[in-house]
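Notes follow the structure.
The values are calculated or read from the model by the stated rules, or taken from the named source; none is laboratory data. Just so it is clear, the model here is predicted, and its values are computed rather than measured. Cβ coordinates were reconstructed from backbone atoms using ideal geometry, including for glycine residues, and neighbour counts include every protein chain displayed.
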Amino acid sequence: MQESGGVQGIGVGMTRALLAFILAMLGGLISSLTAVSHTRLCRLISLAAGMLFGVTLFSIFPEAVSALPPVQFVVALVSGYSVFLLISRYVFHICPACAASHFDEAATRRFSEIAAVMIIALGLHSTMDGMALVLGADAEIRGRLGLTLLLAVCVHKIPEGLALCSLLLAAGFQRLTALAWTAAVESTTILGGAIGLWAVPRLSHFWLDIFLAHVGGGFVFLAVHAMVGELIKHSRIPVLVSFAVGVLSVGAVELVLHIL
């Protein structure tokens, strides 16, 4: 069971889950009001992917490695990667931003056929985001994981909302309908926060660290999936530079927090 610090942390975590939802909706609103070139979206996606990879490398991994035996850490990491891999391969792309280059005209024309599985896949992804933010806030009581995790997830949410709303608009939905569906899918971020709210007081630090390592594996998949998709479709230098900036920015924030 957790102590009072964990209860305080989950309150902060729910606020952060709400912020992530708002930023995803901001991305959707921008997409509905103005055309966003895929080149700009690609750079933003690559930046966000780099930040997810950076928070995993510099924050989640050190936190989990210090708290877990090596076997449990590896199992949790692989499980997080494998779950997202299996969903993306056999259900639907787990992240609309990470898979933006895969949404061709054929996919938008078939939207009515794939809408249900898309919503399930994206809902699972956003639920994991919300849970990660709440559990990261709890871990912040013991370290600094929560701040860099918040930064990475929130930056990732903007292109996610952009890509999702763009897909809905391209599939023929009216602007308000596309925004409503974007809100419905992204609201599962808040649902994930609520699940985290329930879990933190009831689970030991060991199981929370297991889940954080699991989340790290999922983030690695999202980052790799986004990078591969953008490298195949676009010029490599802008993609790699944006990805590197994302990784290094998280590393810089983590270093400053460590010094402070």
- Query: Under 6 Å by Cβ, and 6 or more places apart or on different chains, what pairs join a residue from the stretch 111-124 that is within 18 Å of Gly161 (Cα to Cα) and modelled with pLDDT of 70 or more with one that is of a type outside the set (S, T, N, Q) and not in a helix (DSSP H, G or I)?
  - Reply: Val117/Val91; Val117/Phe92; Met118/Phe92; Ala121/Val91; Ala121/Phe92; Ala121/Ile94
- Task: Check Val185 against each of (1) among the hydrophobic types (A, V, I, L, M, F, W, C); (2) closer than 25 Å to Phe58 by Cβ; (3) surrounded by 19 or more Cβ atoms within 10 Å (Cβ to Cβ); (4) out of contact with any Ser or Thr (no Cβ under 6 Å at 6 or more places or on another chain) and name the one condition it does not meet.
- Result: (2)
- Answer residue from the stretch 216-236, given it is among the β-branched types (Val, Ile, Thr) and at pLDDT below 90 and is nearest to Val250 (Cα to Cα) among those: Val224
- Query: Restricting the first residue to the stretch 13-41 and requiring it to be more than 19 Å from Ala178 (Cα to Cα) and at pLDDT 90 or above, which pairs with a second residue that is basic (Lys, Arg) and assigned to a helix (DSSP H, G or I) meet a Cβ separation below 9 Å and a spacing of at least six or different chains?
  - Reply: Leu19/Lys157
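If you take just the helices (runs of 4 or more DSSP H) that sit entirely in the stretch 143-260, which of them hold at least 2 residues that are without any contact (Cβ under 8 Å) to a residue 24 or more places away in the chain? Can you show your working first?
Working: elements: 145-170, 175-186, 188-199, 205-233, 236-259.
Helices (runs of 4 or more DSSP H) meeting the threshold: 175-186, 205-233, 236-259.
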- Message: Going by what's in this entry, would His205 be described as crowded, with 20+ Cβ neighbours inside 10 Å and closer than 23 Å to Met131 by Cα?
- Response: no
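Can you go through Val239, Val228, Val245, Val153 and tell me which one is surrounded by fewer than 24 Cβ atoms within 10 Å (Cβ to Cβ), among the aliphatic types (A, V, I, L, M) and closer than 27 Å to Arg89 by Cα?
Details: Val239 fails: surrounded by fewer than 24 Cβ atoms within 10 Å (Cβ to Cβ); Val245 fails: closer than 27 Å to Arg89 by Cα; Val153 fails: surrounded by fewer than 24 Cβ atoms within 10 Å (Cβ to Cβ).
On inspection, the qualifying residue turns out to be Val228.
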